[in-house]
Every structure is written in C-alpha cells, then in structure tokens.
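First comes the structure, then the notes that go with it.
What follows is calculated from the coordinates using simple rules that are stated; it is not laboratory data. Quick caveat: nothing in here was measured; it's all calculated off a predicted structure. Counting neighbours? That spans all protein chains shown, and the Cβs are built from the backbone with ideal geometry, glycine included.
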Amino acid sequence: MNVSRVTSGKAALKFARILVVDDLEENRDLLIRRLNREGYHDIAVAADGEEALAQLRAKPFDLVLLDVMMPKCDGYQVLEQLKAENHLHELPVIVISALDEIDSVVRCIQLGAVDYLPKPFNATILRARVSASLEQKFLRDVLRAHMVRMEEELVAARRLQMSMVPAIFPKPTADQPVEIFAMMEPAREVGGDLYDFFPTEDGRFAFAIADVCGKGVPAAMLMARTKNLLRVVTGFLQRSDHIDRAAEIVARVNRELCDDNDMMMFVTLIFGMMEPETGTVELCNAGHEPPYRLNGAGAVAVATPQGTALGINAACRYESIRFELLPNEALYLFTDGITEATNPESVLFSRERLEATLHALATAPLERVVREVTEAAQNFAGEAPQADDITSLAIRRLMRETCSQG
C-alpha cells in the first residue's frame with residue numbers, strides 16, 4: 001500500500017492491492033464483485049498456489065484471500081512458503097475455504113493466516129474482516145515508515161553529536177608537549193557522555209570529561225550545552241575577570257545549567273587545566289569518578305574533593321586541587337560506563353579490574369591505553385547489552401626534548 005498517495009487511513013484502504021487465490025473461476029469472480037462493491041479495484045487473481053507465489057514474489061500486495069484445496073500447490077503449502085520467506089510479517093492472509101473442520105482452522109492460523117472464513121462466506125463478515133486486516137496493515141506500514149524515519153534521524157544525530165567532540169588529537173610539539181587521546185562509545189544512537197580539550201588563552205591546556213544523567217536525545221542536548229558552556233566560560237573569565245581557577249569555571253557552568261532545568265537533569269564532570277611547561281595541573285571534580293595517575297609505578301587514583309553534580313543547586317561551591325604532573329606521567333579520566341560494564345551474570349567490571357588493566361598499560365602510548373581499556377570492559381561484558389555510554393580521555397605531559405618543533 002503506497003501510504004504517500006493518500007492522506008487518511010480510511011482512504012488508504014481503497015488503494016489496497018488484493019490477490020484472490022482460488023482454483024474455481026466462479027469463486028474468484030464472486031469475490032472480485034464483492035470487493036468491487038466495497039470500493040476495492042486493484043485486484044489480481046491466481047488459479048493455484050504456484051501462480052499465487054509467483055505473483056507475490058513479483059510485486060507487493062496488501063492482502064491475500066486464499067483457498068485451501070487447490071491443485072499443484074494448496075493453501076497450506078502457500079502459507080508454509082510465505083512463512084519460510086518471512087512475507088507473513090508484512091502480508092495479511094485470510095483463508096476462505098469449504099473446509100470448516102477445527103483442525104484446518106488451527107493449522108492455517110499456526111501457519112500465519114490472520115483469519116479464516118468458511119464457504120459460502122457471509123458478505124458482511126467478509127467486508128469487516130477485509131477492512132480490519134487492511135487497516136491493521138496500514139497502521140503497521142505507517143509505524144514502520146515512522147520507525148525508519150526515526151532511525152535515519154537518530155543516525156544523523158549520532159553523526160552530529162560525534163562531530164561535537166574532538167576527533168583529531170594534536171601531536172606533541174616543543175611548545176605544547178602534551179599527548180592526548182580519547183574515545184566515546186554511546187550505548188544508544190546518541191548519548192550523554194562528553195569529553196573535550198582545548199588550549200586556553202594563557203597557554204594552558206584545558207581538558208574535561210562528563211556524564212549526563214539519562215540517555216537519548218535529552219542527554220545529548222545537555223551534553224552539547226555543557227561542552228559549549230565550558231569553552232565559553234573559560235574564555236570569558238580569562239578575558240574579563242582574569243579568573244582562571246578551575247573551580248570558579250565549574251561553578252559558573254553549574255549556575256548556567258541550573259537555569260531553566262525543568263527536567264532536573266544533572267551532569268557529573270571533571271575539568272582540569274595543565275601548564276605544559278611546569279606540569280602543574282588544576283583539577284575540579286563535580287560528582288564524577290576520580291581519575292587515575294599513570295606512571296612507571298602503575299596506576300593510582302587521584303584523591304579529589306567530590307563536589308556536587310552540575311545542574312542541581314546553583315549555590316554550590318567547588319574546590320580545586322593542584323599538583324605537578326611529572327614528565328611522562330599521565331592522567332586517565334573515564335565515565336562509569338567502564339566500571340559499571342556488566343556481564344551476563346550481572347557482575348560489574350569494577351574499579352579493581354580497571355586498575356589492573358591500567359597498571360599493565362601505565363607507560364603505553366595513550367591511544368593504546370584508551371582503546372585497550374575500552375576493549376577490556378566490552379570483552380568483559382560479552383554478549384550483555386551495553387547499558388551505558390563508555391568514554392575515556394588520557395593526557396600525558398612529555399619532555400620538550402622528545403617533541404618535534406612542528
């Protein structure tokens with residue numbers, strides 16, 4: 001049924017393409033006349049099951065009226081073949097037969113027929129059954145078209161969202177001796193995780209990772225707003241007030257996110273700024289998983305003050321910690337989609353498994369660190385569906401002497 005040709009469900013039914021299958025010409029003619037009286041005019045006929053299958057494979061139909069007892073290929077065989085070819089998911093079949101034994105009725109329904117009418121058929125009942133079957137198919141077609149459109153829109157939304165996080169990771173240089181890599185794997189078409197990094201106007205290197213509560217489009221929209229606010233607020237405070245504390249930047253972002261937050265959504269966040277020359281890092285944690293410090297000794301969690309997640313209380317205050325990242329040391333930031341990855345036995349990947357994985361990779365290139373931790377969590381989950389977005393970011397301070405001059 002071509003839904004685009006009509007504007008309403010009732011009108012669409014009259015455009016239905018119907019196949020009448022019966023080995024007796026008088027029966028076919030009777031059905032055609034009855035259908036014509038009801039306004040159905042796109043009707044094809046078949047004298048046996050083989051001819052019916054050939055027509056069904058050649059072009060689409062909206063309904064089949066099928067006899068059971070026919071030469072060459074009977075109605076049961078037609079239903080069996082349609083079921084084997086998965087046509088019955090989209091094609092309603094009403095069996096009209098002189099066989100009125102309950103076993104025949106049950107067999108036809110089990111094979112996929114939507115209804116069964118005995119011969120001679122009652123014209124009023126035929127009209128009602130045909131109309132009901134076509135209306136159900138019309139509604140399924142509309143729903144399927146809507147789902148296809150939604151799928152296309154979600155795919156486009158995923159591409160748009162992925163384009164909002166950095167996908168190109170700058171190579172370390174003597175002026176910016178920083179190695180960085182990140183990955184994001186949404187659990188759905190679009191998700192609420194976020195990572196970002198950018199140079200600040202005073203020569204530092206800002207980085208962030210965040211996790212928005214919930215999933216889907218609302219979370220993705222809040223993710224985009226949070227990312228933009230971080231960049232705008234960081235630049236604004238540095239230019240106007242000369243305030244460059246990570247805690248003050250996070251507090252300003254929080255106040256903005258609290259405005260018009262009728263859905264009461266919130267964001268956990270770690271925001272940091274590093275001075276590449278000295279390795280001094282300022283880090284602020286707003287309700288997020290503490291990061292890890294990676295060096296030759298392994299992986300050690302960084303103790304940070306746990307501030308309140310963003311978007312909950314505009315009056316919240318935040319604290320920063322400052323420490324020196326030594327040459328070749330790295331920070332690993334992640335969302336709880338890693339530690340809470342769950343296997344089919346409902347066991348979590350956990351921080352303990354994460355720490356063991358990081359310990360073995362502590363001095364590896366950051367791309368390898370990020371990818372292998374992500375793979376470890378996914379392999380642990382196995383066939384269990386991914387319940388949460390998986391995102392991680394790693395940043396390492398390098399010696400200037402080891403970086404190119406480009």
Query raised in the report: Using a cut-off of 20 Å between alpha-carbon atoms, which lysines can reach Lys72, once sequence neighbours fewer than 8 places away in the same chain are excluded?
Result: Lys83
Query raised in the report: Which listed residue (Gly307, Ala387, Ala341) has the Cα farthest towards the positive end of the charge dipole for the range 284-402, taking +1 on Lys and Arg C-beta and -1 on Asp and Glu C-beta about the Cα centre?
Result: Gly307
**Report entry** Fewest-first ranking of Ile109, Ile102, Ile338, using other Cβ atoms within 10 Å as the exposure measure
**Finding:** Ile102, Ile109, Ile338
Report summary line: With only helices counted (DSSP H, runs n ≥ 4, each -39500 (n - 2.57)), the per-residue ellipticity at 222 nm for the chain, to the nearest 500, works out to -12500 deg cm²/dmol
Query - Residue-span extension gain [Glu135 to Asn261] - 0.36 nm each, minus C-alpha spacing - result: 41.1 nm
**Report entry** Mean Kyte hydropathy of -1.0 or more with a Cα span along the axis of at least 15 Å, helices from DSSP in the chain
**Finding:** 123-164, 216-240, 246-258, 350-361, 366-381
Query raised in the report: Based on the inverse mean of 1/r over its pairs of different Cα atoms, what is the Kirkwood hydrodynamic radius of the range 343-406, in Å?
Result: 13.6
Query raised in the report: Between Glu25 and Lys83, how many nm apart are label points set 7 Å from Cα along the C-beta direction?
Result: 3.4
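Taking 0.36 nm per residue of separation and subtracting the Cα-Cα distance, what length does fully extending Arg149 through Phe323 add?
57.6 nm is the gain from fully extending Arg149 to Phe323.
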Report task. Specify the inter-centroid distance of the range 344-406 and the range 37-96, based on alpha-carbon positions, in whole Å. Result -> 56
Query raised in the report: Which Rg and Dmax, in Å, describe the Cα atoms of the range 237-364?
Result: 16.7, 54
Report task. Starting from the Kirkwood radius over alpha-carbon pairs of the range 168-289, derive D by Stokes-Einstein at 25 °C in a medium of 0.890 mPa s and give it in µm² s⁻¹. Result -> 162
Query - Whole-number D in µm² s⁻¹ for the chain, Kirkwood Cα-pair radius fed into Stokes-Einstein, 4 °C, 1.567 mPa s - result: 50
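Based on the Kirkwood radius over alpha-carbon pairs, what is the Stokes-Einstein translational diffusion coefficient of the range 166-402 at 25 °C with 0.890 mPa s viscosity, in µm²/s? Display every interim value, and only then the final one.
Numbers: Rh = 17.9 Å.
In µm²/s, the coefficient rounds to 137.
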Query - 20 Å Cα-Cα reach of Lys215 towards lysines, excluding residues that sit fewer than 8 places from it in its own chain - result: Lys227
**Report entry** Relative exposure of Ser104, Ser133, judged by other C-beta atoms within 10 Å (fewest first)
**Finding:** Ser104, Ser133
Report summary line: For the Ala167, Arg371 Cβ pair and Förster radius 22 Å, calculated FRET efficiency rounded to 0.05 is 0.95
Query raised in the report: What residues of the range 93-127 lie in the reach of a label at Lys14, counting those whose backbone N is under 18 Å from a point 7 Å from the Cα along Cα→Cβ?
Result: 127
Report summary line: Cα extents of the range 3-147 per principal axis, largest first, Å, are 40, 33, 28
Report summary line: Simple spin-label estimate for Arg225/Ala360, 7 Å along Cα→Cβ, in nm, reads 4.2
Query raised in the report: What list do you get for His87, His288, His146, His359 if you sort them by fewest beta carbons within 10 Å?
Result: His146, His359, His87, His288
